[in-house]
Amino acid sequence: MSERSNLRLLVLAVLVASLLGTLIARAFYLQILEGRQYQAAISSNTEREIVEPAVRGLILDQAGRPLVNNRTSVVVTVDRQTLAAEKDDGDAVIRRLAAMLDTTPTKIRDRLAPCGTEGAKPPPVCWNGSAYQPVPVAKDVDTQTALTIMEKRRDFPGVSASLDAIREYPAPFNVNAAHILGYLGPVTEEQLNAQGDSNAPDRLRRTDEVGRTGLEAEYDKILRGVPGIRHVAVDTAGRVTSTVDEVAPKPGEYLVSTIDAKLQSIVEAQLLAAVRRAQAQGYGGKSGAAVVVDVQTGRILAMASYPTYDPSIWIGGVSKKQYKELVANDALASNAYQGQFAPGSTFKVVSTAGAAKDKMNLYGIYNCPSSVTVGGQKFNNYESSAYGPISLTRALEVSCNTVFYGIAKRMWQEEGGPDAGVDAPNPIAEAATAFGLGSDTGIDLPGEASGVVASRQFKYDNWEKKKDTWCRNAEQGYPETRKTNPKLADYFTALDKENCTDGYQWRAGDALNAAIGQGDTTVTPLQMAMVYATIANGGKLYQPQVAKGVVSADGTVSQEFPPILKGRVDVPKSAIKFLRNSLPGVTTDGSGKTPFLGFPLKKIPVASKTGSAQVTGNKASTSWFASYAPANNPKYAIVMMVTEGGTGSKTSGPSVRKIYEALFGVRGSSVYPGKSVLAGDAPQPGLPAVRPDGTVAIPKGAGSGVANSRQG
Amino acid sequence: MASTFTPDVATRSSGRSSSYWRDLDWILLIAAFATTIFGSMLVWSASRADMASASDPTSYLKRHVINIAVGVVLGFLASRIDYRWLRAYTPIIYGASVILLILPFAPGIGTTIAGARAWIDLPGGMTLQPSEFAKVAVILMMAVLLSEKRDVEAEPRDRDVLLSLGAALLPIGIILLQNDTGTVLVLGSVALSIIAVSGARTRWVIGLFGGAIIGILLAIQLGFLKQYQVQRLTSFIDPTADASASAYNANQARIAIGGGGWSGYGLFEGPQTQGKFVPVNESDFIFTVVGEELGFIGATVLIVLVGVILWRAVVIAYRADDLYGRLVATGIVAWLGFQTFENIGMTMGIMPITGIPLPLVSAGGTSMMATWIAIGLLQNVRIHAARASI
């Protein structure tokens, strides 16, 4: 054959060989060099994730009584895939289902519409979950209806009834504790964005409910558990062909609170009683709070706030009207750890420590006149009574303001008077800061308020912030107010003129007010309780806690939260000793005597301090009663306050006494430790035992606090 | 020429029958069988998802195996037919093939699949694709016309080249009317290869090659090709830019192959394959199955197997004892080589999407039979050369 033919055959052979080589090279490029990218494409193409939610963990009180429980509810779900495969797109099924559930087909259709699609209603009506997840269309369906649906499977393709866990509040002893427990709400867009492109199984999903406030929010991750994830392979029509992998849900763990339900219910009732007492005196009694803390650990045994709300209104979403009511009533925030109030005379223990810091003689004699004049301004004693020269102990007992005015005036002058720089010594403010005022206590609840310690620095910072407004007002002279009330406008203008020019100055009046817990100083009742707990335990600053530990649903203890000692309070030991020796006298011979008449103070000495803080604009003062007991072997500190409540001793005192009676088992003038509201006359040393079936063993004598049928 | 006019079957007792088995190209035969068995495995994997709800999930595979059996028998016959007999009857085979090609246009007989009216309905739900047989017929006819009455060392006369070109262009024209672009491209490269290897003057080769390219460009420019044909041809360049069905196919195919990695998801485990994400993956897109389920290793094994077949075919063409045999083998090399490249290339996005099967691998009876006939013809050429050299 010709050479030409041979050559051309060779060329063809080489051409074919190079074509095959090209194919192998291309396969190498696609499969090896770019393989990872295509594998990811296959996964997103052919795999779907089905989430089985984990049952949320319970919240128990310190004795193991469930404060937050789950109850089962019959939920009817509709599988959109199955419905779409029906000839009429499932219209007949939806019509039948609507009749069964006493609703309209339109409402079910609205529920089934995926959020963001055309014509879909805004959440929570539209469906926020995966297209492969059955959509719950009705909750709390009665069993008979559910059974009928399940029996007539052929009439209801894609419709299914299942049991779902819904948050429930068993309210042992009718306890409320709403501000401690918090509530659940749908996950927010911010929370979803914050976790980025996480693929973790316990990441938040659009259908999730998360803790919004309180313990539900603080320990959300522990309570939420890890949902079960099933990856299924789907075909091009979206039908599930097989299960790729499956992880069972891990139920949320049980959170054990430091709160004792029985004590909490008593504290709530007593707070309400104090509020009613204020109102009976013709005062507003608008809000109040009470805190009981274990002084040796910093654990909060009870913490109540008035007004409060029923936590169960959040289940299944709060309505607009309900929410408006909550906001209007100021019921949403806890007055105990989010409310900031002038502490009044309960602050005098801090001023005493400040005086000790300034090397003043705590055992000297101080004059208690009816008024003190500084810079031409007269500062009156409470109800203008004079006691003459008295000891500092006596000054605390009778709550003599002028003694503390005198001390404050002397310190202020020594510090340099009005011209002292912002960093001049300020022993009372330093003592307040040392006791933890003006900053968060660090309690394990979100949204804590930190209060304010009035000081030179604070005054200066405040002036920096507001001077522009003050100076502008001083110039304009309140033209609006002037039209109706020229006198008031003159007063405002003069005030702002003064503030504008030297509002940064720490004047004598500021120093005097600060010494008796008035002026700019504000505290939360929780902070005040921690101050008295610190005095009670000899100066140890604990970080307050409302959670004690975590027990998993199968009964194993997974975490214990030991008490957190922040350190020793930075005031002279002598001051703590002096206060511990002086405060019991307030209850026996001072302003706290009346409410404790007949109380067995010999057996259980109570250290206390009353407070009646003036609030500008309020007719009645804020009633404070701060205390701890037994004074010789301190266990508990109790602080109660009621705004527009009157005096501490008249409004709050009697309620605090009742709480002590409950705590120590006081009956008349006798003490029966066995009758203490706390089982075993003390907080439980360890965590409650959870049985393998998930129920909790409650210690003998504690009582579940709920009717037997609801015990879980 | 040692052969007689009577078929070899009749002279089995003469003692030469033993030389048939001895002279067979066993490497070619084993490679062809290996490729076919490999292909059956892939067809089984691709069809089991579709057939999962059928009463007999293996029915598709069974039909494929029957096609193979018929193909192997036809191939055996093709290998034993006497050369002279074959040359004498080639015009009849060619004529019959052209008539078959026209049949799909007849109403009630023809069927359109994937836009191409290239199938004849047969009883029992079977279909026949006459263009597959046309490939064999064109190769035989061109080989006859270019090797007729001349010295092997002389170059073919212009008249012979023109005649053979005409023999190729007639079926190409009909197939073009059937919208079967892929087969047209294959037949074009077959015709060009045969004319080139026939020893035709270089200006013919260059002229035809240039003419083919200009023809394709003109067809696109002047709108002879319908819009979807252009789209199909160009969607491989950027499959994501075009949301049409062919672009979707190209994208899904590329994902399936790319996801295979080194060793793939395992047979029957490919999510794209088993989830039916790649359309017609039991026939035209069967390479996606090996790519996804057996990975780069499996894909390379399959390409190498086809490479072995083509290597043996080139060797047979080279050693053919006459120009006729060489041209038949050359045509088969061009056919299998280019069709394999086009088919696998389109699944990997380096060739346009056209509806042609992967030889010996894809499901599709006519293709399977035609390819086995080609294997048989290659054996025939080899045996002929072996006997001539005695």
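A few notes on this one:
- Of all residues in the range B:337-358, those satisfying the criterion of being more than 9 Å from chain A (Cβ to nearest Cβ), over 20 Å from residue B:29 (Cβ atoms) and either touching a strand residue (DSSP E or B) at 6+ places or on another chain (Cβ under 7 Å) or among the hydrophobic types (A, V, I, L, M, F, W, C) (or both) are B:346, B:351, B:353, B:355, B:356.
- Residue A:70 fulfils the conditions (1) part of a helix (DSSP H, G or I); (2) more than 10 Å from every other protein chain (Cβ to nearest Cβ); (3) of a type outside the set (Gly, Ala, Ser) except for a single criterion, (1).
- Any hit, the range A:75-87, residues being assigned to a loop (DSSP other than H, G, I, E, B) and without any contact (Cβ under 8 Å) to a residue 40 or more places away in the chain: yes
- Hey, residue B:297 at pLDDT 95 or above, surrounded by fewer than 22 Cβ atoms within 10 Å (Cβ to Cβ), within 10 Å of another protein chain (Cβ to nearest Cβ) and farther than 19 Å from residue A:241 by Cβ or not: yes
- Residue ID - surrounded by the most Cβ atoms within 10 Å (Cβ to Cβ), chosen from residues in the range B:337-349 that are small (Gly, Ala, Ser) and either touching a residue at least 12 places away in the same chain (Cβ under 8 Å) or out of contact with any helix residue (DSSP H, G or I) (no Cβ under 8 Å at 6 or more places or on another chain) (or both): B:337
- Helices (runs of 4 or more DSSP H) completely within the range B:115-216 that count 3 or more residues being touching a Gly at 6+ places or on another chain (Cβ under 9 Å) and in contact (Cβ under 8 Å) with a residue 24 or more places away in the chain: B:130-147, B:181-197
- Scanning the range A:661-682 for residues that are within 31 Å of the chain's Cα centre (by Cα), surrounded by 19 or more Cβ atoms within 10 Å (Cβ to Cβ) and more than 16 Å from residue A:265 (Cβ to Cβ) gives a single hit, A:664.
- Among the candidates A:101, A:33, the residue that is farther than 26 Å from residue A:232 by Cβ, over 32 Å from the mean Cα position of the chain (by Cα) and within 14 Å of another protein chain (Cβ to nearest Cβ) is uniquely A:33.
So that you can scan it fast, the table gives a plain yes or no per residue for (1) more than 7 Å from chain B (Cβ to nearest Cβ); (2) at pLDDT below 95:
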site: A:3; (1), (2): yes, yes
site: A:18; (1), (2): yes, no
site: A:24; (1), (2): no, no
site: A:38; (1), (2): no, yes
site: A:44; (1), (2): yes, yes
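- Restricting attention to the range B:311-336, the residues that are at the interface with chain A (Cβ under 7 Å from one of its Cβ atoms) and either surrounded by fewer than 24 Cβ atoms within 10 Å (Cβ to Cβ) or under 22 Å from residue B:116 (Cβ atoms) (or both) add up to 3.
- Pair list, Cβ under 6 Å, 6 or more apart: the range A:24-46 residue closer than 14 Å to residue B:273 by Cβ, other residue among the polar types (S, T, N, Q) and part of a helix (DSSP H, G or I): A:42/B:272
- Filter pass, residue A:245 being under 29 Å from residue B:275 (Cβ atoms), outside any loop (DSSP other than H, G, I, E, B) and either in contact (Cβ under 8 Å) with a residue 12 or more places away in the chain or aromatic (Phe, Trp, Tyr) (or both): yes
- Complete set of residues in the range A:221-238 that are within 14 Å of chain B (Cβ to nearest Cβ) and in a strand (DSSP E or B): A:231, A:232, A:233, A:234
- Scanning the range B:277-294 for residues that are among the aliphatic types (A, V, I, L, M) and assigned to a helix (DSSP H, G or I), we see that the one that is surrounded by the fewest Cβ atoms within 10 Å (Cβ to Cβ) is B:294.
- Matching residues in the range A:239-262 - criterion: being more than 10 Å from every other protein chain (Cβ to nearest Cβ), of a type outside the set (A, V, I, L, M) and touching a helix residue (DSSP H, G or I) at 6+ places or on another chain (Cβ under 7 Å): A:252, A:253, A:257, A:262
Let's see how each residue does on (1) part of a loop (DSSP other than H, G, I, E, B); (2) hydroxyl-bearing (Ser, Thr, Tyr); (3) closer than 27 Å to residue A:60 by Cα:
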{"position": "A:612", "(1), (2), (3)": "no, yes, no"}
{"position": "A:619", "(1), (2), (3)": "yes, no, no"}
{"position": "A:650", "(1), (2), (3)": "no, no, no"}
{"position": "A:653", "(1), (2), (3)": "no, no, no"}
{"position": "A:706", "(1), (2), (3)": "yes, no, yes"}
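The values are calculated or read from the model by the stated rules, or taken from the named source; none is laboratory data. For clarity, every value in this text was computed on a predicted model and none was experimentally measured. Here the Cβ is made from the backbone with ideal geometry for all residues, glycine too, and neighbour counts use every protein chain on show.
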